[in-house]
Ligand code: PEP
Ligand code: MN
């Protein structure tokens with residue numbers, strides 16, 4: 001349910017509605033808007049009838065929110081959400097580029113990437129310190145030492161840091177380092193992790209589970225929003241299909257439905273989405289054309305020596321060319337790359 005207040009409703013009237021909702025054992029989410037305040041209601045309302053709120057002073061109407069994800073839905077929150085992370089503003093109007101090596105490999109490697117990105121006006125560096133690897137014999141990441149290197153890269157260059165958290169025990173350390181915390185595809189439905197990350201005080205990049213439906217994805221986002229974290233960015237990274245010409249199938253067709261059903265920004269990840277560096281530029285441009293709010297792409301000074309995901313990683317020159325072609329497409333679309 002959404003309680004829409006009259007545009008002249010006073011703060012006291014809003015507070016009275018919030019109190020009445022809480023007395024019903026439900027949660028109230030006041031959302032001040034340009035013309036009027038709306039108050040979202042979440043919780044299990046099967047035993048109470050929120051329609052009794054209709055008679056309270058200042059209330060204009062009650063709207064039923066039909067989607068199972070309430071706070072993530074556009075019904076509850078018609079305006080697009082803009083998420084600020086570091087110097088980036090992720091949302092309509094811009095096309096945010098997040099880039100970096102798959103893994104933190106060494107201080108000199110990461111610093112080189114950070115400097116390159118800053119020189120091209122990129123505000124967010126993404127690299128994993130904790131790596132979810134299919135094989136236990138593959139490089140597992142530099143873990144806490146990797147976080148330390150990420151912190152130093154930010155100190156030296158001013159770039160914002162995005163890095164993945166895999167486990168509830170890592171949340172505090174990752175949140176201390178990161179400007180934005182990534183939840184990977186394999187953890188999209190790790191509900192304990194979602195609940196813990198909801199309270200970590202950092203924006204969250206929530207990747208789509210590799211076999212998740214749109215509803216399941218938005219319900220995962222709902223865990224973060226219901227836990228009090230309003231700064232959620234979705235990231236489409238490819239799903240499992242029968243095709244074997246790419247690592248995953250980058251489902252760009254999910255961008256318009258996400259935009260229709262939710263107010264949250266959505267990025268695309270053509271690196272994991274294709275698994276091949278030669279396919280990354282075309283799919284990046286396609287993501288921009290499809291209406292995504294940005295891109296997460298793997299970049300490394302020498303992808304042939306990368307400790308993970310080298311085959312899908314661009315070198316600096318390829319990344320430069322990609323930025324130039326994104327810029328040419330962004331201009332007619334009235335979007336700014338940043
Ligand atoms: C990554 O971003 O490096 C990663 C492991 O991604 P995903 O969770 O999409 O596989
Ligand atoms: Mn990777």
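Here, each number is a calculation from the coordinates, and none is a lab measurement. From a predicted model like this one, the values you see are computed outputs, not experimental measurements. Here the Cβ is made from the backbone with ideal geometry for all residues, glycine too, and neighbour counts use every protein chain on show.
General remarks:
- Centre separation in Å (Cα based) which lies between region 1-35 and region 275-338: 43
- Multiplying the residue separation of residue 52 and residue 243 by 0.36 nm and removing their Cα-Cα distance gives an extension gain of 63.5 nm.
- Region 88-217: C-alpha gyration tensor shape, a/c 1.5 cut-off, then a/b vs b/c: oblate
- Put simply, the convex hull of the Cα atoms in the chain casts, on average, a shadow of 17.8 nm².
- Here residue 133 and residue 27 are evaluated by their C-beta separation; at R0 = 30 Å the FRET efficiency comes out at 0.20.
- Cα centroid separation, region 46-113 to region 145-198 (Å): 18
- Seen against the Cα atoms of the chain and their longest principal axis, helix 11-23 is set at about 90 degrees.
- Residue of 95, 191, 130 that the Gaussian network model of the chain assigns the largest fluctuation, springs spanning Cα pairs under 10 Å: 191
- The C-alpha atoms of the chain define a longest principal axis, and helix 214-226 lies at about 70 degrees to it.
- The alpha carbons of region 2-63 occupy a box of 32, 19, 19 Å along the principal axes, longest dimension given first.
- Of all DSSP beta bridges in the chain, antiparallel share, percent nearest 5: 40
- Taking every alpha-carbon pair under 8 Å whose residues sit at least 6 apart, region 2-63 reaches a relative contact order of 48 percent.
- The chain, helix-only ellipticity at 222 nm - DSSP H runs n ≥ 4, -39,500 (n - 2.57), divided by all residues, nearest 500: -9500 deg cm²/dmol
- The chain: angle of helix 316-330 to the longest principal axis, Cα-based, in degrees nearest 10: 40
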